[in-house]
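The values are calculated or read from the model by the stated rules, or taken from the named source; none is laboratory data. Note that the coordinates shown come from a computational prediction; the quantities given were computed from them, not determined experimentally. Every residue, glycine as well, gets a Cβ built from its backbone with ideal geometry; the counts of neighbours run over all protein chains shown. Accessible surface areas use protein heavy atoms only, side chains included; no ligands, DNA or RNA. Shrake-Rupley method; radii C 1.70, N 1.55, O 1.52, S 1.80 Å.
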Amino acid sequence: MERREFLASIGSAAAVAPLAKAHGGVPVGRAAPDLPMPPSRDTMPMRPEPEEPGKLLLDKAWQFHQGDIPFPTIKGHGWTYANAKAGQAQGAAAINFDDSDWPLVNLPHDWAVDMPFDPDANPSQGYRQRGYAWYRRALRLDPADRGKYLELQFGAIFTNATIWVNGSVAAHNWSGYNSIYIDLTPMARFGDDLNTIAIRVDAERMEGWWYEGAGLYRHAWLVKRPAVHIQTDGIHADPRLDADGRWTVPITASLSSILKAEAAATLVATLSDAEGRTIAAGKVETRVPPLGSAEAKLELVVPSPRLWSVSDPNLYTLRLSLAGPGEATDRRMLRIGFRTLRFDADKGFFLNGEPLKIKGTCNHQDHAGVGVAVPDAMWEWRIRRLKDMGSNAIRCSHNAPPVELLDACDRLGMLVMDENRNFNTSPDYMEQLRWLVRRDRNRPSVIMWSVFNEEPMQGSEAGYEMVRRMASEVKALDPSRPVTAAMNAGLFAPHNVSQAVDVVGFNYQPGLYDRFHAAHPNVPITSSEDTSAFMTRGAFQTDAANHVFASYDDERSSWGNTHREAWKAVATRPFVAGAFVWTGFDYRGEPTPYEWPSASSFFGIMDLCGFPKTAYWLHRAQWIDDRPLLDLAPHWNWAGREGEPITVMAMTNFERVALFLNGRPLGEKTVDRFEMPRWLVPWAPGRLEAIGYRAGRQVARSSVETTGAPVALRLTPDRTIMAGDGEDAQPITVDAIDAQGRHVPTAQLPVRFAISGGTIIGLGNGDPSSHEPEKGDSRTLFNGLAQVIVRADARRGPLRITADALGVRTGQASIARVEASPRAQVAPTPSVQTLEGWRQSPASPEKPDPMRKPVDSDMNSWLWLGTGQIEAAQGEGQWMSLRATFTARRRVQANGGTLRFGGIVGRAEIWLDGRKVAEKPDFREAPLDVAVPAGSAEHVVTLLVESRPGLIGGLSQPATVGAK
Ligand code: GAL
């Protein structure tokens, strides 16, 4: 088939050429007009400016262990006592756990997508086993960071996570969708005294009924701020239009201080426009108590700002600087937009005072090849795919999205229904809701907060009371946006959630729109979810035995509607604010109505790769008025079905369409855009062609052609240039072409890829029943298409990729990697074994017996030197014994190694396993190395230290054990 879309501006010279000149008309918008994807663009991805200078990515070089590691059974009084103390976490959480042979992974990381499909795994989670895993990372902090506020941030971890820092639990997090912020300051170690982060992830826990992935699947960050600073998510700056028509930006900054005394601080705010001109500025002074918080408030007045809208997403840059005592200034940058929104019970949604029908899709957060570890640039790509279809809204179903998705929505002009995951009013879960609102309330794209999706308690008093509380929490943080809840029942119960929200979300039930509106004429409503129809991309014959759905928009779930029915129900009712189609993209899990071997859903307007199904052109024809569209389904490769009737459907926004097969007229139809015209055409090879008419004039034509066999592969990147920052990623469309260069829609070739200048990070083809691995270097075309997702290496140069399949010519693409400074990353730090748990004997005037050790039940005669407490003081001119035990890491066990004392003060003898192995003859501080023999036995190391009269003695630096 050759799918060809000829788009022409109405009334232009592009009036259609005679049929004989079948290629008449102006092809617009596709470099490869026969490929159902947009052409390659020569633009760079949008690269956000750093929001704060001291925020460093902590994505690189995490040590990873898949599977759980049981904690040791603790026995004996001394060990039990020690285990109960701060810094003394055991097992894989311990500072000194031997992780030296764990492989390194970079974030974002979803280990579930690396797992094979398994018929025994949960279909709802895409037939992937998940289980448990551990991540560990050593972190070196510069001694110059002492005195700063230090924070670890995790974008999200799926699912339940326990995080230890330096052997103490730093956070328990019981959700896979919220960020985790950890104040590292009090427990931080500096210089060669490394910090250890250990994370146990329990991904057996589920929060949804769709594929949720596993692990540290969003970014991690290390944040360094001055002692007096702005809190994380501590800025509220959401523009307001007052009753006098005056725009202001009321700014509240929540401040904290780690100083020991109250401090004065000055907050300065400047607002600049897209051209970088400062258009408003303000300043406020405040005081911040020690280890306390304060709010600094000011207001900027902005005369006639350029508004943010979905067609003109105009952003302003707000810069805040907070000067506390001393030199250091905390700085923050965020993008804000000026816009008003309103839901009207009769007329639907209004943006900036203008009615705007919401044309939305619901989406989960996984993509082909990468699972939920979606690179930032792919979020932008996905939002762009939806915008290109005419969609203006996205519902983040059913959880908080990554910030990178919201950044793309702000920049590209996409409205967002921001959704909370857990319906629960207990303190932990209310905090998750508050976190969501605090994080996202400055974004122009976010237009409403959804507190739940389809909760059985929605028609009960308890459900109502819970939502009332949740709505009140939301309003306290953001009075400007409505609260909604996605209800699939209970709307008419005496007590129900619709009574506690601002906008009632209907999941399905279009038959109740009118009844509800009549009963509650003052309550705004929107579809929060509709459709749930089935299509297999590129398939036009339903084949239940093989789990294939024809893509004519005839197949739907029992609770849903076809795309056309659902849109008609919304579009014809002004009081329904809009639609949210389930879903924009296919997602893993929920292979409804099938199970194995199907592993991903059939609901998407696009498949798992973002390749369009018929529904894409259907919505585009319905949702876009001003860009003419005429597209035909199906393809025209039906060899063996000569003379059989084939259903042909035109997706168009023209008024009339005439159809021709090989120049023979097949009839002309008036277009009902809610239905779309159809013909039954006895199949014969050749060209099926449609002509679109508006106001009686032929203005566009479109055709599909029977193609020959594939002769070559073709690679079409989304962009011809990439940022050489080591992070930029993009999808490349893979297809096969015939001798005339036409896309072959039926090709199912196995393809192998080779790449230089980049890495293949995932592969897909949109087949819900495919069990091919999503990693590696090969993928089979499914109905003519596959996708390979590449990440560009750092620095300038070409990224070259080739595609090979048996019997056809190699396809290739070359993408320019342009110089782009990588985002600041915390340097990888190899983990080292530091000796912990030193015991220090009482001081004595004589040299102690090196064999002496503390009695197991005596916790007090010998000191415990706490984690990080290296320096051991003692009386002047005295001896003492310092004792520790350790089991060397596996590499040292195998080959032997070195025990390095970073610094010993005083004269000393070193005893290892009962033998004197070294002497330090003078009092001055100095390092010392001793050899550690190979072997797996536990070692006992004893330091006999004699301090110089009048001074202290002991260990001034950590002692570490390393390979030779
Ligand atoms: C809805 C639900 C979605 C999805 C969909 C499938 O009831 O909210 O998460 O399961 O059905 O049709």
* Structure fact -> Length gained, Ala86-Ser100, 0.36 nm per residue minus C-alpha separation, equals 2.6 nm
* Asked: Counting other Cβ atoms within 10 Å, which GluC sites (Glu not before Pro) in the stretch 635-688 have at most 10 and lie in a DSSP loop?
  -> Glu642
* Asked: With every protein chain left in place, what is the accessible area of Tyr594 in Å² (1.4 Å probe, nearest 10)?
  -> 50 Å²
* Would you calculate, for the chain, the mean residue ellipticity at 222 nm contributed by helices, counting each DSSP H stretch of 4 or more residues as -39,500 (n - 2.57) and dividing by all residues, to the nearest 500? => -3000 deg cm²/dmol
* Debye, to nearest 20: dipole size of the stretch 581-739, +1 on Lys, Arg Cβ, -1 on Asp, Glu Cβ -> 700 debye
* Structure fact -> Between the residues Thr159, Pro665, Gly276, the Cα farthest towards the positive end of the dipole of the chain, that dipole coming from +1 and -1 charges on the beta-carbon of Lys, Arg, Asp and Glu, is from Gly276
* **Residue among Pro710, Trp679, Gly954 farthest towards the positive dipole end of the chain, charges placed on Cβ** => Pro710
* DSSP loop trypsin sites (Lys or Arg not before Pro) in the stretch 267-346 with at most 15 other Cβ atoms within 10 Å of their Cβ, which ones? -> Arg277, Arg306
* Hey, got the dipole for the stretch 631-698? About the Cα centre, +1 on K and R Cβ, -1 on D and E Cβ, debye to the nearest 20? -> 180 debye
* Would you rank Lys920, Lys347, Lys847 by solvent-accessible area, highest first, keeping every protein chain in place and using a 1.4 Å probe? => Lys347, Lys847, Lys920
* Counting alpha carbon pairs within less than 8 Å and at least 6 residues apart, what relative contact order, in whole percent, applies to the stretch 527-617? -> 31 percent
* Fully extended contour minus Cα-Cα distance, from Lys475 to Asp388, at 0.36 nm per residue -> 27.9 nm
* To do: Heads up, I need the accessible area for Met851: 1.4 angstrom probe, whole protein in place, Å², nearest 10.
  => 100 Å²
* Structure fact -> Largest-first ranking of Asp233, Asp856 by accessible area, probe 1.4 Å, whole protein assembly kept, is Asp856, Asp233
* Arrange the residues Ser936, Ser844 by how much accessible surface each exposes, largest first, with a 1.4 angstrom probe. => Ser936, Ser844
* To do: Over the chain, average the accessible area per residue using a 1.4 Å probe and give it in Å², no decimals.
  => 37 Å²
* To do: On the full set of protein chains, 1.4 Å probe, figure out the accessible area of Trp679 and give it in Å² to the nearest 10.
  => 20 Å²
* Within the stretch 197-252, report the GluC sites (Glu not before Pro) that DSSP leaves as loop and that have at most 16 other Cβ atoms within 10 Å. => Glu204
* Roll a 1.4 angstrom probe over the protein heavy atoms and tell me the percent of accessible area of the chain that is carbon or sulfur. => 52 percent
* **Share antiparallel - DSSP beta bridges, the chain, percent rounded to 5** => 85 percent
* Note down the magnitude of the dipole of the stretch 817-964 about its Cα centre, charges +1 on Lys and Arg C-beta and -1 on Asp and Glu C-beta and zero elsewhere, to the nearest 20 debye. => 580 debye
* Using the Cβ atoms and a cut-off under 13 Å, what net charge is assigned to the surroundings of Ala579, where Lys and Arg are +1 and Asp and Glu are -1? -> +3
* **Percentage relative contact order, the chain, counting C-alpha pairs under 8 Å, at least six apart** => 11 percent
* Fully extended, how many nm does the chain gain between Lys916 and Ser254 (0.36 nm per residue separation, minus their Cα-Cα distance)? -> 232.5 nm
* To do: Note down the nm distance, to one decimal, between modelled labels 7 Å out along Cα→Cβ at Glu285 and at Ala739.
  => 8.6 nm
* Have a look at Ala471, Asn422, Phe506 and report the one farthest towards the positive end of the charge dipole of the stretch 412-530, computed about the Cα centre with Cβ charges (Lys/Arg +1, Asp/Glu -1). => Ala471
* the stretch 204-321: relative contact order in percent, alpha carbon pairs under 8 Å with at least 6 residues between -> 24 percent
